[in-house]
Amino acid sequence: MQTRRLGKTDLVFSSIGLGTWAMGGGDWTFSWGPQDDELSIKTIHRALDLGINWIDTAPVYGLGHGEEVVGRALKGLSSRPLIATKCGRCWGSDRKIFSCLKPESIRAEAEASLRRLGVEVIDLYQVHWPQPEQEIEAAWAAVAELIREGKVRYAGVSNFNVAQLKRIQPIHPVASLQPPYSMLVRDVETELLPYCREQQIGVLAYSPMQKGLLTGKVTAEWVAQLPADDHRRNDPQFRAPRLAANIELADGLRRLAEGRGRTASQAAIAWVLRRPEVTAAIVGARKPSQIEQTAPAADWQLSPEELATIDALLEKRQQAIASALAGRK
């Protein structure tokens, strides 16, 4: 398992991190459907066996449940992995999620996360979304105070743009940015990745497999059978006209990967890791076999020929979507 230093910090992350979004289980707004907790714990332990040394989670995953599952998995370990969690997404007794970045809320969230995770310090504490935007400076100052108190080691952000990063940097150093980044979502390449390189801000890319679309296993029938509370049912990438083009892209990745004894999932992750600005890719898993299939991506450096093949597949996808949209007019 390859490792990379996170920005200017002394944290060394495996280039694959285990994402726990789906481990939050069902019955909340952005769920992935029901999930077996014991299977989640086995998945976490298997990830550690494979050399993954950090876990990404958040209070909002399952409305506290995801962190509780991670906390259960950590009990009894001789040495624990690095833990990255987040703040800024809250919920009420009605289970409705809302954004809050007020300092008192940030502090309460941190204390609750420490309890659920069963740890004394959070290695990387990330502001989940810059919402409400007018509160990001106050939130960042609150996280900096938690660092001074020894409850947090380093502070990062998720889903921030360059202008927002510039607003908070004078308050406290930004250790990392967690943006969405995959073959299908490439906005970060224009401005964010170059800025992070210049500022030595670590980049932790989430959804490198685009929520499973790039695994080579998704079909229209599979999507139609997703649980009613799986948020992907409402994701435009899982609906016409993009779905058919995305499935064809994944099939192309699968053919490329099989020729190297690899998988489409590994190709998608390795493609994200090709960028030197990217410290690590966050890879979600719901059972041990999934992380066993994706972890080897850390050691695959795509060749110029492989990258050219992927570029051609991406261009073909764009043309297919454009043609389908034009046909609707």
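The values are calculated or read from the model by the stated rules, or taken from the named source; none is laboratory data. As the structure is a prediction and not an experimental result, all values here were calculated from the model. For neighbour counting, all protein chains shown are included, and Cβ atoms are generated from backbone atoms with ideal geometry for every residue, glycine included. Note: areas computed on protein heavy atoms with side chains; ligands, DNA, RNA excluded. Shrake-Rupley method; radii C 1.70, N 1.55, O 1.52, S 1.80 Å.
Loop-only check: which GluC sites (Glu not before Pro) in region 46-131 are DSSP coil with at most 12 other Cβ within 10 angstrom?
When the GluC sites (Glu not before Pro) of region 46-131 are filtered for loop state and at most 12 Cβ neighbours within 10 Å, E120 remain.
Within 10 Å of each candidate Cβ there may be at most 15 other Cβ atoms; applying that plus a DSSP loop requirement, which GluC sites (Glu not before Pro) in region 153-251 survive?
Taking region 153-251 and a limit of 15 other Cβ atoms within 10 Å, the loop GluC sites (Glu not before Pro) found are E191.
What residues qualify as long-range amide H neighbours of T20, i.e. H under 5 Å apart, gap of 5 or more or another chain, H built at 1.01 Å from N?
Close amide H contacts, sequence-distant or interchain: D56.
Along Cα→Cβ, 7 Å out, is where each label goes; now give me the distance between the ones at H45 and L77 in nm to one decimal.
So the two model labels end up 1.2 nm from each other.
Under 5 Å between amide H atoms, partner at least 5 residues away or on a different chain: which partners does G202 have, H built in plane at 1.01 Å?
Hits under the 5 Å cutoff: G7, K8, S176, L177.
What distance in nm lies between label points placed 7 Å from Cα along the C-beta direction at H172 and D10?
Placing both labels 7 Å beyond Cα along the Cβ direction yields 1.8 nm.
Take Q301 and D187, extend 7 Å from each Cα along the Cα→Cβ direction, and tell me the distance between the two endpoints in nm.
In this crude label model, Q301 to D187 measures out at 3.2 nm.
Show me, for region 130-138, the HN-Hα J-couplings you get by feeding each phi into the Karplus relation (A = 6.51, B = -1.76, C = 1.60, θ = phi - 60°), rounded to Hz, glycine and proline as x.
Karplus values, whole Hz, x for Gly and Pro: x, 9, x, 4, 5, 9, 5, 5, 5.
Would you mind checking the pairs K217/K287; K42/K151; K42/K75 and listing those with alpha carbons more than 21 angstrom apart?
Violating the 21 Å Cα-Cα cut-off are K42/K151.
Ignoring ligands, DNA and RNA, what accessible area per residue does the chain give at 1.4 Å, in Å²?
The answer is 43 Å² per residue.
So what J values fall out for region 90-101 if you push phi through Karplus, 6.51 cos²θ - 1.76 cosθ + 1.60 with θ = phi - 60°, rounded to Hz, Gly and Pro as x?
10, 8, x, 5, 7, 6, 7, 7, 9, 8, 7, 10
For region 21-53, list residues with backbone N below 20 Å from a point placed 7 Å from the Cα of W91 toward its Cβ?
Of the residues in region 21-53, 21-41 have backbone N under 20 Å from the label point off W91.
Once neighbouring chains are kept in place and the probe is 1.4 Å, which whole percent of the accessible area of the chain is contributed by carbon and sulfur?
Ligands and nucleic acids excluded, carbon and sulfur give 50 percent.
When Lys and Arg each count +1 and Asp and Glu each count -1, what net charge do the other residues less than 10 Å away from V188, Cβ to Cβ, add up to?
-2
I need the calculated FRET efficiency for the pair L325 and L226, taking r as the beta carbon distance and R₀ as 30 Å, to the nearest 0.05.
Efficiency at R0 = 30 Å is approximately 0.80.
For D94, what accessible area in Å² do you get when you roll a 1.4 Å probe over the heavy atoms of the protein chains, rounding to the nearest 10?
D94 exposes around 90 Å² with every protein chain in place.
Taking amide H positions as placed in the peptide plane 1.01 Å from N, state which residues far from V152 in sequence (5 or more) or on other chains have amide H under 5 Å from it.
Counting only residues 5 or more places away or on other chains, the set is I122, I147.
Which trypsin sites (Lys or Arg not before Pro) from region 70-166 combine a DSSP loop assignment with at most 11 other Cβ atoms within 10 Å?
Taking region 70-166 and a limit of 11 other Cβ atoms within 10 Å, the loop trypsin sites (Lys or Arg not before Pro) found are K75, R95, K96.
Which net charge results when you count Lys and Arg as +1 and Asp and Glu as -1 among the other residues whose beta-carbon is under 13 Å from that of Q35?
-4
Spelling out what I want: for every residue of region 305-313, take phi, set θ = phi - 60°, compute 6.51 cos²θ - 1.76 cosθ + 1.60 (Karplus), and round to whole Hz; glycine and proline get x.
So the Karplus estimates, Gly and Pro as x, are 5, 5, 5, 5, 4, 5, 4, 5, 5 Hz.
Using a cut-off of 10 Å between beta-carbons, work out the net charge of the residues near R107 (Lys and Arg +1, Asp and Glu -1, R107 not included).
Surrounding charge for R107 is -3.
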